[in-house]
Amino acid sequence: MKKKNILLLLAASILLLSACSTQTMGQAIDEDIPFNVKEILHKEKVKDGIILLYTTHQKNGQGEFDAMAAAYLKGSDKNGWKNEGHNHWEHYENEHMTVYTDDFYDYDKEGKLESRIPIIFGEIHNQDIQKVEVAGQEEKFEEAAIIEKKSGRYYFKMGDFHTARGLTADGKEILKQKQN
């Protein structure tokens, strides 16, 4: 009888532990993001998680295309990961570069805002663009990170920015575009 109780206790413990297992970042990306993540472009560490920049393959009435998206994954490898949203993608055509802005909000369990995470990002189409600078309301430009992948060139910067400009290697402005 003791052996049977020990086996039942062991089986219950295994079930309980497996139910409490933490979700890996890969599982959060695969299972929590409602779009097919085609390519991860960039991961930016933030206070309680990461901002994930990625592409997704979509289609609409005009055909199929790759669109850019960003997600806020909250957590850690130790405590597990969860997609906190907000789960939409952006796409429009531009011959030089695209400009997208987004804000992620992190709330505590009582619904109180803990942090706001603004970002600006986009894809660079014009090969003459060697540098991307972004600006906020004061129009003070700061350099954005350029991300080079097999699929293309992209840029990313955290902060309250709404304007991006593409520059040649010698600093000549090719395009200046505002996101409303």
Fill in the blank from the handout: Residue pairs qualifying under the 9 Å Cβ cut-off, at least six apart or on distinct chains, with the first in the range 29-52 being among the small types (Gly, Ala, Ser) and the second being open to solvent by less than 80 Å² (accessible area, probe 1.4 Å) and modelled with pLDDT of 90 or more, are Gly49/Tyr72; Gly49/Leu73; Gly49/Lys74; Gly49/Gly75; Gly49/Ser76; Gly49/Trp81
Problem - Residue tally, condition over 14 Å from the mean Cα position of the chain (by Cα) and within 19 Å of Phe161 (Cα to Cα), over the range 107-128 - result: 3
Exercise for the section: Would you confirm whether any residue within the range 92-101 is under 14 Å from the mean Cα position of the chain (by Cα) and modelled with pLDDT of 90 or more? Expected result: yes
Practice task
Might you check whether a residue that is free of Cβ contacts under 8 Å to residues at least 40 places away in the same chain, touching an Asp or Glu at 6+ places or on another chain (Cβ under 8 Å) and open to solvent by less than 10 Å² (accessible area, probe 1.4 Å) occurs anywhere in the range 80-88?
Solution key: no
Exercise for the section: Residues that are within 19 Å of Leu53 (Cα to Cα): find the strands (runs of 3 or more DSSP E) completely inside the range 66-180 holding 2 or more of those. Expected result: 80-83, 100-107, 113-124, 131-135, 145-149, 152-158, 163-167
Completion exercise
When Gln179 is run through (1) over 19 Å from Trp89 (Cα atoms); (2) surrounded by 12 or more Cβ atoms within 10 Å (Cβ to Cβ), the failure sits at (1)
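Could you tell me whether Gln58 is modelled with pLDDT of 90 or more and either small (Gly, Ala, Ser) or surrounded by 14 or more Cβ atoms within 10 Å (Cβ to Cβ) (or both)? Quick ask: steps written out before the conclusion?
Working: modelled with pLDDT of 90 or more: no; either small (Gly, Ala, Ser) or surrounded by 14 or more Cβ atoms within 10 Å (Cβ to Cβ) (or both): yes.
The answer is no for Gln58.
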Problem - Failed criterion for Pro34 (all others in (1) touching a Lys or Arg at 6+ places or on another chain (Cβ under 8 Å); (2) surrounded by fewer than 18 Cβ atoms within 10 Å (Cβ to Cβ) hold) - result: (1)
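The values are calculated or read from the model by the stated rules, or taken from the named source; none is laboratory data. What you see is a predicted model, and the numbers here were worked out from it, not measured in a lab. Quick reminder, even Gly has a Cβ in these numbers, built from the backbone with ideal geometry, and neighbours come from all protein chains shown. Side chains included, ligands, DNA and RNA excluded: accessible areas come from the protein's heavy atoms. Shrake-Rupley method; radii C 1.70, N 1.55, O 1.52, S 1.80 Å.
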